[in-house]
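Enquirer: Before anything else, here's the structure in question.
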Amino acid sequence: MPDLMHHILDAASVAAPQWLSERQNAGRRAWAASAMPTRKTEAWKYTSLHRLDADFAVAQPSVASQAELGFEHPALGGSKLVFVDGYLRADLSCLALPEGVELIRFADADAAQARQISQQLGSVADPSGHLFASFSDAALQDGIFLNVAADTVVAEPIHLVWLTSSREVAFTVNQRLLVVLGANSRASLVEQFDSVGSGTAFTNGITELVLEAGAHLLHHRLHLEAGAAMHIGGVHARLGRDSHLESFHLALGSDLKRIDVVVNHAGPGAHSSLNGIYLLRGAEHVDYHTCIEHAVPHCTSDETFRGVIGDSATAVFNGRIHIHPDAQKTRAQLNNRNLLTSAHATINTKPELEIYADDVQCAHGATVAQLDPLMLHYMKTRGIGAEEAQTLLSFGFINEVVNTIRIDALRDFLRPLLARRFASDPTLTRHLA
Amino acid sequence: MLKIDNLHVRVDGKDILKGLTLHIGAGEVHAIMGPNGSGKSTLGHVLAGRPGYTVTAGTVEFLGQDIFALATEERAHLGLFLAYQYPVEIPGVSNMEFLKAAVDTMHEKRGEPALDTVSFMKLARETCKRVDLDQAFLKRGVNEGFSGGEKKRNELLQMMMLQPRLAIMDETDSGLDIDALQVVAAGVNSMRSSDRSFVLVTHYQRLLDYIEPDFVHVLAAGRIAKSGDKSLALELEDKGYAWLEDEVA
Amino acid sequence: MSQQQIDRTIGREYAAGFVSDVESDTLAPGLDEDVIRFISAQKDEPEWLLEWRLEAYRGWLQMTSPKWAHVHYPEVDFSAISYYSQPKSMANRPKSLDEVDPELLRTYEKLGIPLHEQAVLAGVAVDIVFDSVSVGTTFRGKLAEAGVIFCAISEAVREYPDLVRKYLGSVVPRKDNYYAALNSAVFSDGSFVYIPKGVRCPMELSTYFRINEANTGQFERTLIIADEGSHVSYLEGCTAPMRDENQLHAAVVELVVLDDAQIKYSTVQNWYPGDAEGRGGIYNFVTKRAVAHRNAKVSWTQVETGSAITWKYPSCILRGDNSVGEFYSVALTNNLQQADTGTKMIHLGKNTTSTIISKGISAGKSSNAYRGLVRMSPNATGARNYTQCDSLLIGDKCAAHTFPYIESRNPSAVIEHEATTSKVSDDQLYLCQQRGLNAEKAVSMIVNGFCKDVFKELPMEFAVEAGKLLEVSLEGSVG
């Protein structure tokens, strides 16, 4: 058993609804059967868990006002749920759901909903393969269930904000989200994680996405937590026949972030596109592990991740494409590019192909480089100063990925926020807005 | 305006320019012609300060200043502009952001008031029209996925927006069809004035049918082998470059 | 292609699969310190080398076999292997090839490697290793004129103890990994090369490895030292008889490339791959590594078609500024063969550059993995790597994998990695067939084209041989 988080598991109370206890028990068994990852554990080769080796308490409800919390978030126009330290804050949330959409706490589930949750929960995120999915199960007391009925179109984005506050003691939050999109439904979802202040917090966040036949989801997972606000978790998706997932990922660095993105193409004709950005400075650490499973024929996947790593930060990217036997006619591609901007920064990247079918087209590429000296020179010949040219180019490097976001309000929110990461002096970003 | 004296330049350990001397007065248009590999493009790159181009001897004064004492962007601020033969693509940075950054900096350095966003946009759109470039190109990444001709027009667009004192056009005509060539020529001609000079680096005489040069120089083996007026270009068209190379050797 | 054709071609035998009728002294299976003392005594080794072996053995006992490679096989029973075998006729150490048992020489003639100097490919000197001993080395006189030392490593231990002691284990430490430790403990023979300062070796050097005896392991050790400013091109080839049991081959190759020197090391590996049902074949667990000093260049080229299991990562430690590492590889697996092969480029010096071109071809039910590491250390300012890994799949039951590890700690280092996977396209096949080629010939041509970036790195006569080898190895794979 990993030598971590004993308090949390002890405290994960019997308060969980009865129908969840089975999953909790299974999670505890999986957790107990797991070994503590070391540098020799392939999945944790470049990421140490030593920062979690501290006394973490279970988070208590916060009553801080929005002004006190003072976090930034985009106005997306649809329903918004805000959680502070894991607790839903009705006063900061608003619900405006069209017919056919349910957005509820597990704790409030009626019998039919409970049945649906227990059927799907854990069917996508495999606790035996993901240590922190088993931890999530083991500590499971509550979660959020988003259920979109077949043929329903949700026009406005559904916005979920998980915020950790700053406290005297280190504490943990167990975030769990289950999304089920019925056949031929369409929705967009923004998951935003953020932190306030400098306290130590650890969020274990697991999101499961179930896309039934022909469903279409625009998904965004933004990790804006900073400092000692740590996060380990992931997004696990299962795509039914002809379904379509576009998933955007962003991680600003903090002391520790490890995000697994697992997409299982389970029905023929499914398509996924993953786009991600990681930006690190200071001594931050971000580790993205993506895994694209092609289990059936005629699916396509497309993945682009870019990172800019400064100061003495360390980024890890592991992008696996796994083509199962008989998954013929698969087309899969992955591209990972990195910029190191300091002599002490580190990138470890590993794009992997594992292929057991022959009639497939797969490719991956990875690069590590500096800003292109010819691009810098070109900008200077137009009179743009060296520092501003660097800012424009660094931002341009990730802006290509930002431009894949289809929600204008979200893109407009992120652009200045990201641009500021590249310049100490605000005049350098005056042409980026 | 520009005084180049006895310029020697080395690239990748090879001497490319070997004692080039050329003086350009205000308002003049000079054409530099020459065979492939004679150092035509090197001249533009070394004046713009491209990394990897080492000046081993000689001096260049631009508007009375020693050009090699200035950083690339400072040369641009003084009014030097190089239109590239192969402009670099910069995905992720929109043409508009790029132009605004360049124009604002130029205004600032010249002590002119900054353009507000609305007037800038208006100017950018008008200039697009003048170079026959669809306005949609303003939103795209700099040169990203542009065709050869579109890139050349984008260079012209930048030149018009930045209003340089000296523009070096590096084979701007190559790869252009006749319509595009006329657009480029019209753009250059519209900008000719008594305090602005042009250097047209070209392989073919064709461009000079549309932009009439005051002087024509032939570059061979790293130096000016022959100078003359427009008729020299016609002579070259007729006889090729080989006889000149023999003369230099 | 018809079933009949498939059956016919699958039935084709491994051409190097015969057994030579040579009487041998073979040590009883099993490994303990006494075995190591025996091997050392057989070779009249000095005390330091015996101690060196014993230390490696003690280290090995503490280690466990690596599990990370993408290969599956039953645990190797190290007590069932004989660690030393030599032809009886070699007991008295023949002084020249003329004294070597004619049956041994015939073995090599059958393999197409005549050992009489007049018959040898012009300009290639050959050292022959048969089971655990070196049989003989050709062209020694001519090499000696240039000051080049090319001999069996057991002989080098006696004749050039200072060089051996200085460099043995300097590139691959005794306890580097499980199989290197085993090799360090029990290595029997192998080649030793020393090229003096400023010398360009006057001919290609070549070693030919042959496993003959049943139930023996082969643990050869190769050490090549290119002194400052010298050049050498070295080739190795390998075969073994067809046997139903798996045989272990755990070699270590160390290359020391001093300032301004160059070593080009080419391998055509055609160990017995096992039969179509996966019975028998060689377990090829090899550690190859080079250290390149200032301005030095190392080039590994390999064509891997044999062995039941290949576990091999010829690597370059680019220690000196401006040093260059290259890895060109073709790995072909068919039937139930498994390969996990690739390289490591460790950039330590400034402006070091490396190139990796890997071509994997999987056919039948085989599994073929590229595994590589490119590491830019904090001091590797201006370093560059370019990697291209391509996999070609032939048939729908095979597997192809790519596991490139990229680690950079220097902002000025540039790394580019690209990988693609594809099958022989129907369009390509159609085009070839439309031009009158049969399917098998067409595939063979396409595969050759796929590999040409690697073949062009091989010495001419090897390139031709490699092409033929691929053709033979692919037989029966086109359905």
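Enquirer: Select from the range A:329-340 the residues that are out of contact with any Phe, Trp or Tyr (no Cβ under 9 Å at 6 or more places or on another chain) and surrounded by fewer than 23 Cβ atoms within 10 Å (Cβ to Cβ) and list them in ascending order.
Expert: Of everything in the range A:329-340, those that are out of contact with any Phe, Trp or Tyr (no Cβ under 9 Å at 6 or more places or on another chain) and surrounded by fewer than 23 Cβ atoms within 10 Å (Cβ to Cβ) turn out to be A:Lys329, A:Arg331, A:Gln333.
Enquirer: Taking the range A:5-16 as the search range and keeping residues that are assigned to a loop (DSSP other than H, G, I, E, B) and crowded, with 19+ Cβ neighbours inside 10 Å, which one is modelled with the highest pLDDT? Let's see the steps before the verdict.
Expert: Applying the first criterion (assigned to a loop (DSSP other than H, G, I, E, B)) to the range A:5-16 yields A:5, A:12-16.
After this cut, where a residue has to be crowded, with 19+ Cβ neighbours inside 10 Å as well, the list is A:5, A:12.
Details: A:Met5: 73, A:Ala12: 65.
Within the range A:5-16, the match that is modelled with the highest pLDDT is A:Met5.
Enquirer: Can you go through A:Asp311, A:Asp302 and tell me which one is closer than 21 Å to A:Arg420 by Cα, away from chain B (no Cβ under 14 Å) and either free of Cβ contacts under 8 Å to residues at least 24 places away in the same chain or surrounded by fewer than 24 Cβ atoms within 10 Å (Cβ to Cβ) (or both)?
Expert: Numbers: A:Asp302 fails: closer than 21 Å to A:Arg420 by Cα.
Exactly one of A:Asp311, A:Asp302 is closer than 21 Å to A:Arg420 by Cα, away from chain B (no Cβ under 14 Å) and either free of Cβ contacts under 8 Å to residues at least 24 places away in the same chain or surrounded by fewer than 24 Cβ atoms within 10 Å (Cβ to Cβ) (or both), namely A:Asp311.
Enquirer: Taking the stated definitions as given, is A:Ala369 farther than 27 Å from A:Leu189 by Cβ, facing another protein chain (nearest Cβ under 10 Å), more than 27 Å from the chain's Cα centre (by Cα) and surrounded by fewer than 23 Cβ atoms within 10 Å (Cβ to Cβ)?
Expert: Considered against the rule, which asks whether it is farther than 27 Å from A:Leu189 by Cβ, facing another protein chain (nearest Cβ under 10 Å), more than 27 Å from the chain's Cα centre (by Cα) and surrounded by fewer than 23 Cβ atoms within 10 Å (Cβ to Cβ), A:Ala369 comes out as no.
Enquirer: Starting from the range C:396-417, keep only residues that are at the interface with chain A (Cβ under 7 Å from one of its Cβ atoms) and under 27 Å from C:Ser367 (Cβ atoms), then list their pairs with residues that are open to solvent by 20 Å² or more (accessible area, probe 1.4 Å) and of a type in the set (Val, Ile, Thr) whose Cβ atoms are within a distance under 6 Å, requiring at least 6 positions of separation or different chains.
Expert: Within 6 Å, the pairs are C:Glu416/A:Thr367.
Enquirer: Restricting the search to the range C:50-81, which residues are of a type in the set (A, V, I, L, M, F, W, C) and open to solvent by less than 90 Å² (accessible area, probe 1.4 Å)? Spell out the reasoning first.
Expert: Of the residues in the range C:50-81, the ones of a type in the set (A, V, I, L, M, F, W, C) are C:50, C:52, C:54, C:56, C:60-61, C:63, C:68-69, C:71, C:76, C:78, C:80-81.
C:Leu50, C:Trp52, C:Leu54, C:Ala56, C:Trp60, C:Met63, C:Ala69, C:Val71, C:Val76, C:Phe78, C:Ala80, C:Ile81 - these are the residues of the range C:50-81 that are of a type in the set (A, V, I, L, M, F, W, C) and open to solvent by less than 90 Å² (accessible area, probe 1.4 Å).
Enquirer: Can you find, within the range A:139-164, the residue that is farthest from A:His223 (Cα to Cα) among those that are crowded, with 22+ Cβ neighbours inside 10 Å and of a type in the set (Gly, Ala, Ser)?
Expert: Only one residue fits best here, namely A:Ala139.
Enquirer: Please enumerate the residues belonging to the range B:186-220 that are of a type in the set (Gly, Ala, Ser) and open to solvent by less than 10 Å² (accessible area, probe 1.4 Å). Outline the logic, then answer.
Expert: Kept after step one, since they are of a type in the set (Gly, Ala, Ser), are these residues of the range B:186-220: B:186-187, B:190, B:193-194, B:197, B:220.
Answer for the range B:186-220, where residues must be of a type in the set (Gly, Ala, Ser) and open to solvent by less than 10 Å² (accessible area, probe 1.4 Å): B:Gly187, B:Ser197, B:Ala220.
Enquirer: Residue check: is A:Glu354 more than 19 Å from C:Ile406 (Cα to Cα) and either open to solvent by 10 Å² or more (accessible area, probe 1.4 Å) or among the acidic types (Asp, Glu) (or both)? Outline the logic, then answer.
Expert: On the way: more than 19 Å from C:Ile406 (Cα to Cα): no; either open to solvent by 10 Å² or more (accessible area, probe 1.4 Å) or among the acidic types (Asp, Glu) (or both): yes.
Considered against the rule, which asks whether it is more than 19 Å from C:Ile406 (Cα to Cα) and either open to solvent by 10 Å² or more (accessible area, probe 1.4 Å) or among the acidic types (Asp, Glu) (or both), A:Glu354 comes out as no.
Enquirer: Taking the condition of being under 30 Å from A:Pro157 (Cβ atoms) and within 8 Å of chain B (Cβ to nearest Cβ), how many residues in the range A:383-394 meet it?
Expert: Going through the range A:383-394 one residue at a time, the tally reaches 1.
Enquirer: Looking at (1) touching a His at 6+ places or on another chain (Cβ under 6 Å); (2) without any contact (Cβ under 8 Å) to a residue 12 or more places away in the chain, which is the one condition that is false for A:Leu76?
Expert: (2)
Enquirer: Please determine, by comparing only the residues of the range C:418-435 that are more than 7 Å from chain A (Cβ to nearest Cβ) and of a type in the set (Ser, Thr, Tyr), which one is most open to solvent (accessible area, probe 1.4 Å). Steps first, please.
Expert: Looking only at the range C:418-435, we keep the residues that are more than 7 Å from chain A (Cβ to nearest Cβ), and these are C:424-435.
When the remaining residues are screened for being of a type in the set (Ser, Thr, Tyr), the result is C:425, C:430.
Numbers: C:Ser425: 37, C:Tyr430: 152 Å².
Looking at residues that are more than 7 Å from chain A (Cβ to nearest Cβ) and of a type in the set (Ser, Thr, Tyr), I get C:Tyr430.
Enquirer: Hey, can you tell me all the residues within the range A:357-366 that are over 22 Å from C:Ile356 (Cα atoms) and surrounded by fewer than 21 Cβ atoms within 10 Å (Cβ to Cβ)? Before the answer, list the steps.
Expert: Step one: of the range A:357-366, the residues over 22 Å from C:Ile356 (Cα atoms) are A:357-360.
Of everything in the range A:357-366, just one residue is over 22 Å from C:Ile356 (Cα atoms) and surrounded by fewer than 21 Cβ atoms within 10 Å (Cβ to Cβ), namely A:Asp359.
Enquirer: Let me ask something else about it. From the residues in the range A:33-44 that are out of contact with any Ser or Thr (no Cβ under 9 Å at 6 or more places or on another chain) and touching a residue at least 24 places away in the same chain (Cβ under 8 Å), which one is least open to solvent (accessible area, probe 1.4 Å)?
Expert: That would be A:Ala43.
Enquirer: Test each condition in (1) of a type in the set (A, V, I, L, M, F, W, C); (2) out of contact with any helix residue (DSSP H, G or I) (no Cβ under 7 Å at 6 or more places or on another chain); (3) over 30 Å from C:Asn322 (Cβ atoms); (4) more than 9 Å from chain A (Cβ to nearest Cβ) for C:Leu470 and report the one that comes out false.
Expert: Single failed check for C:Leu470: (2).
Enquirer: Continuing with the same structure: Identify, from the list B:Leu80, B:Leu43, B:Leu20, the residue that is closer than 17 Å to B:Lys3 by Cβ and at the interface with another protein chain (Cβ under 10 Å from one of its Cβ atoms). Please lay out each step first, then the result.
Expert: Details: B:Leu43 fails: at the interface with another protein chain (Cβ under 10 Å from one of its Cβ atoms); B:Leu20 fails: at the interface with another protein chain (Cβ under 10 Å from one of its Cβ atoms).
The unique qualifying residue is B:Leu80.
Enquirer: Could you please find all residues in the range B:59-76 being more than 17 Å from B:Lys109 (Cα to Cα) and either within 11 Å of chain A (Cβ to nearest Cβ) or in contact with a Phe, Trp or Tyr (Cβ under 9 Å, 6 or more places away or on another chain) (or both)?
Expert: B:Thr59, B:Val60
Enquirer: Among the residues of the range C:374-389, is there at least one that is under 21 Å from C:Pro66 (Cβ atoms), modelled with pLDDT of 95 or more, within 10 Å of chain A (Cβ to nearest Cβ) and crowded, with 21+ Cβ neighbours inside 10 Å? Explain how you work it out, then say what you get.
Expert: Kept after step one, since they are under 21 Å from C:Pro66 (Cβ atoms), are these residues of the range C:374-389: C:374-375.
The next check asks that each one be modelled with pLDDT of 95 or more; those that pass are C:374-375.
Adding the requirement that they be within 10 Å of chain A (Cβ to nearest Cβ) leaves C:374-375.
Adding the requirement that they be crowded, with 21+ Cβ neighbours inside 10 Å leaves C:374-375.
Yes, some residue in the range C:374-389 is under 21 Å from C:Pro66 (Cβ atoms), modelled with pLDDT of 95 or more, within 10 Å of chain A (Cβ to nearest Cβ) and crowded, with 21+ Cβ neighbours inside 10 Å.
Enquirer: Here is a further query. Given the conditions (1) within 11 Å of chain B (Cβ to nearest Cβ); (2) closer than 30 Å to A:Gln192 by Cα, which single one is not true for A:Lys380?
Expert: It fails just one condition, (2).
Enquirer: Test each condition in (1) touching a helix residue (DSSP H, G or I) at 6+ places or on another chain (Cβ under 7 Å); (2) without any contact (Cβ under 8 Å) to a residue 60 or more places away in the chain; (3) in a helix (DSSP H, G or I) for A:Ile104 and report the one that comes out false.
Expert: (3)
Enquirer: Another question, if that's okay. Which condition number in (1) within 13 Å of chain B (Cβ to nearest Cβ); (2) farther than 26 Å from C:Ala413 by Cβ; (3) under 22 Å from the mean Cα position of the chain (by Cα); (4) surrounded by 17 or more Cβ atoms within 10 Å (Cβ to Cβ) is the one that A:Phe397 fails?
Expert: That leaves (2) as the condition not met.
Enquirer: Assess whether C:Ile356 counts as being more than 10 Å from chain A (Cβ to nearest Cβ), of a type in the set (Val, Ile, Thr), touching a residue at least 24 places away in the same chain (Cβ under 8 Å) and buried (at least 23 other Cβ atoms within 10 Å of the Cβ). Can you show your working first?
Expert: On the way: more than 10 Å from chain A (Cβ to nearest Cβ): yes; of a type in the set (Val, Ile, Thr): yes; touching a residue at least 24 places away in the same chain (Cβ under 8 Å): yes; buried (at least 23 other Cβ atoms within 10 Å of the Cβ): yes.
Yes; evaluated as a whole, the condition is true for this residue.
Enquirer: Counting residues that are at pLDDT 90 or above, which helices (runs of 4 or more DSSP H) fully inside the range B:144-249 reach at least 2? Lay out the reasoning, then the answer.
Expert: Working: elements: B:148-162, B:178-191, B:230-239, B:242-248.
In the range B:144-249, the matching helices (runs of 4 or more DSSP H) lie at B:148-162, B:178-191.
Enquirer: Of the numbered conditions (1) β-branched (Val, Ile, Thr); (2) within 13 Å of chain A (Cβ to nearest Cβ); (3) open to solvent by less than 20 Å² (accessible area, probe 1.4 Å), C:Thr341 fails exactly one; give the number of that condition.
Expert: (2)
Enquirer: Is it the case, given these coordinates, that A:Thr404 is open to solvent by 10 Å² or more (accessible area, probe 1.4 Å) and within 14 Å of chain B (Cβ to nearest Cβ)? Outline the logic, then answer.
Expert: Numbers: open to solvent by 10 Å² or more (accessible area, probe 1.4 Å): yes; within 14 Å of chain B (Cβ to nearest Cβ): yes.
Answer is yes for this residue.
The values are calculated or read from the model by the stated rules, or taken from the named source; none is laboratory data. In this text the structure is predicted, and so the values were computed from the model without any measurement. Glycine gets a Cβ as well: all are built from the backbone with ideal geometry, and neighbour counts include every protein chain shown. Accessible surface is based on the protein model in full, side chains and every heavy atom, while ligands, DNA and RNA are left aside. Shrake-Rupley method; radii C 1.70, N 1.55, O 1.52, S 1.80 Å.
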